[in-house]
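Have a look at the structure below before the remarks.
The values are calculated or read from the model by the stated rules, or taken from the named source; none is laboratory data. Because the structure is a prediction, the values reported are computed rather than measured. All Cβ positions, even for glycine, are placed from backbone atoms using ideal geometry, and neighbour counts span all protein chains on display.
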Amino acid sequence: MAVVNSVRPNSTPLLEVRGIVKNYPGVLALDRVHFDVRCSEVHCLAGENGAGKSTLIEIIGGSYSKDEGIILIDGNEVEFSSPKHAQEMGIAVLHQDLPVLPFLSVAENIFLARQPKTKLGFVNYSEMYKRARRWLDIIQADINPQTPLGNLSMARQQLVSIAKALSLEARVIIFDEPSAVLTSVELERLFEIINSLKQEGRGITYISHRLEEIFEIGDRVTVLRNGRLVGTELIRKINKDTLIKMLVGREIVETTGEVIKKDKGKKRETVLTVKGLNRSGVFKDIDFKVDRGEILGIYGLVGSGRTELVRSIIGADPLDEGEIYLYDQKVKISSPKDAIKLGICLAPEDRKRQGLFLGKSVQENITLPSLKKLKRACFLNYKKIAGYASVFVKKMKIVTPGLSQKVRFLSGGNQQKVVLAKWLGMNLKVFFFDEPTRGIDVGAKEEIRNLIRELAHQGKSIIMISSEIPEILRLSDRIVVMYSGRITKELSRDEANKEKLIAYSMGVT
Ligand SMILES: Nc1ncnc2c1ncn2[C@@H]1O[C@H](COP(=O)(O)OP(=O)(O)OP(=O)(O)O)[C@@H](O)[C@H]1O
Ligand SMILES: [Mg+2]
């Protein structure tokens with residue numbers, strides 16, 4: 001693949017790395033990688049889960065050390081001793097993992113370790129809030145600087161990170177999968193901001209698994225595979241198929257999502273019914289039902305109450321009013337444990353913090369909840385248990401040196417796959433999936449969708465929240481759209497299309 005060296009052949013890159021090598025025990029994460037960012041460009045970084053994207057930008061951002069290679073800023077070689085050092089050199093990294101200090105206020109997060117001080121050397125809070133307000137205003141983010149960061153939605157936390165990057169006067173701003181936590185409207189807003197940053201002459205690096213985004217926002221794209229550089233291309237010179245080939249090294253066909261046709265004659269059997277669910281200030285008057293073998297999609301913008309709703313149904317959050325029926329039986333669910341006993345589970349959105357044991361191995365994470373079942377079936381046959389885990393590792397293409405690797409050391413996307421595997425393997429009746437393919441690469445996304453389809457085919461009932469419109473359209477038998485805590489519309493597969501989903505999710509009636 002031809003390597004394009006520059007967008008503007010004569011300009012020195014703002015940032016350049018050459019021959020970067022990074023080794024972890026058993027994993028060569030980066031193998032002589034080159035990458036550069038020029039002024040006024042968006043240089044996308046792409047690659048499957050575990051390809052080395054985050055490792056590369058953490059090295060660029062001064063968080064990780066490199067084993068070999070050099071970093072140049074404006075053509076001059078630099079050696080970063082810390083993230084702070086990289087920041088001082090004009091590099092801001094917006095991490096894949098969200099904030100370190102959720103209890104500190106928005107302003108404190110923006111001015112971490114560089115708060116304005118009073119004459120007596122105390123933090124000057126009023127000045128800090130004022131300055132934070134100014135940076136937030138520039139990106140039109142209506143956020144109170146005094147709010148604890150952790151109280152904001154992930155989308156708004158992203159905006160705070162952008163304000164922080166601006167306040168650092170960063171010349172190179174690196175986004176590690178920002179869209180993983182945004183929906184379409186918020187993403188449009190982010191793209192507007194990125195475009196204006198670009199016009200100001202800054203260089204942007206953008207990591208995403210969504211190819212449409214790369215084509216919309218990018219000027220160039222660099223692809224990594226297994227830690228190696230596959231190539232750098234001008235976006236306008238390539239198409240989606242070329243990019244997919246670079247990413248996975250072969251062509252893949254996205255199944256168009258032909259749904260396994262339901263037998264028309266077969267009687268429909270309703271499995272889960274919810275009636276009049278209310279949670280004050282969060283959602284109101286929610287009614288829906290799901291049949292055996294059906295996939296019900298829930299679409300809505302961040303803040304529409306989707307995640308809160310499903311969390312309340314499975315007993316993770318309180319419910320003020322309403323009834324839940326399993327078949328015809330009214331049930332009371334006070335905790336996720338109750339839900340599982342009834343055969344209902346939720347694979348949560350924030351999988352890393354809810355349901356992943358970072359210190360445990362890949363195998364333990366996958367098999368933990370199914371262990372009882374497996375023990376019974378296999379008489380504690382460890383070989384069989386390992387076999388069960390390795391089926392998922394293969395199917396979902398989990399990149400790991402082995403089943404015993406601690407999950408902590410997997411890449412972001414591969415951690416996601418591990419948690420998902422755990423839920424997919426449970427033998428239950430009703431599955432709630434909150435953003436099941438978020439942060440997962442093109443090849444494996446399709447595998448996960450197939451696993452979900454397979455569950456439905458086995459007669460399970462699925463309720464799936466997804467912010468990816470093509471995904472929800474292709475997978476769902478029916479879709480309910482939420483806006484501001486209410487269901488504003490229910491659409492059959494045939495009625496639903498992109499325009500309708502967007503309109504109803506924005507409150508159009
Ligand atoms: N601290 C670590 N110890 C051991 N291996 C690691 C460590 N950090 C990352 N790795 C490995 O390095 C490789 C590259 O990981 P990286 O996080 O850079 O991938 P990525 O391209 O960002 O993937 P994703 O799309 O899933 O976020 C992976 O195989 C990962 O398991
Ligand atoms: Mg990553």
### Message
I want to confirm something. Restricting to the range 425-446 and keeping residues that are more than 17 Å from L410 (Cβ to Cβ) and modelled with pLDDT under 85, which single residue is nearest to the chain's Cα centre (by Cα)?
### Response
V442
### Task
Tell me which residues, restricted to the range 40-49, are more than 8 Å from ligand 2 (Cβ to nearest atom) and within 12 Å of N414 (Cβ to Cβ).
E48
### Query
Taking the range 317-341 on its own, how many of its residues are surrounded by fewer than 17 Cβ atoms within 10 Å (Cβ to Cβ), part of a loop (DSSP other than H, G, I, E, B) and in contact (Cβ under 8 Å) with a residue 12 or more places away in the chain?
6
### Task
Tell me, yes or no, whether the range 31-39 has at least one residue that is within 16 Å of ligand 2 (Cβ to nearest atom) and more than 22 Å from the chain's Cα centre (by Cα).
yes
#### Entry: Matching residues in the range 34-72 - criterion: being over 19 Å from P83 (Cβ atoms), part of a loop (DSSP other than H, G, I, E, B) and touching a Phe, Trp or Tyr at 6+ places or on another chain (Cβ under 7 Å)
none
### Message
Only one of E435, E446 is under 27 Å from L211 (Cα atoms) and surrounded by fewer than 23 Cβ atoms within 10 Å (Cβ to Cβ). Can you tell me which?
### Response
E446
### Query
Any idea how many residues of the range 166-218 are closer than 20 Å to K237 by Cβ, acidic (D, E) and more than 18 Å from the chain's Cα centre (by Cα)?
1
### Summary
Per the filter on the range 166-202, residues away from ligand 2 (no atom under 16 Å from the Cβ), farther than 23 Å from A107 by Cβ, among the polar types (S, T, N, Q) and in contact (Cβ under 8 Å) with a residue 24 or more places away in the chain are T183, S184, Q199
### Summary
Inside the range 161-201, the number of residues satisfying the requirement of being touching a strand residue (DSSP E or B) at 6+ places or on another chain (Cβ under 6 Å), outside any helix (DSSP H, G or I) and within 19 Å of A132 (Cα to Cα) is 3
### Query
Does any residue of the range 221-235 turn out to be modelled with pLDDT of 95 or more, exposed (fewer than 15 other Cβ atoms within 10 Å of the Cβ) and not acidic (D, E)?
yes
### Query
Does R453 meet the test of being farther than 19 Å from G47 by Cβ, modelled with pLDDT of 85 or more and within 9 Å of ligand 1 (Cβ to nearest atom)?
no
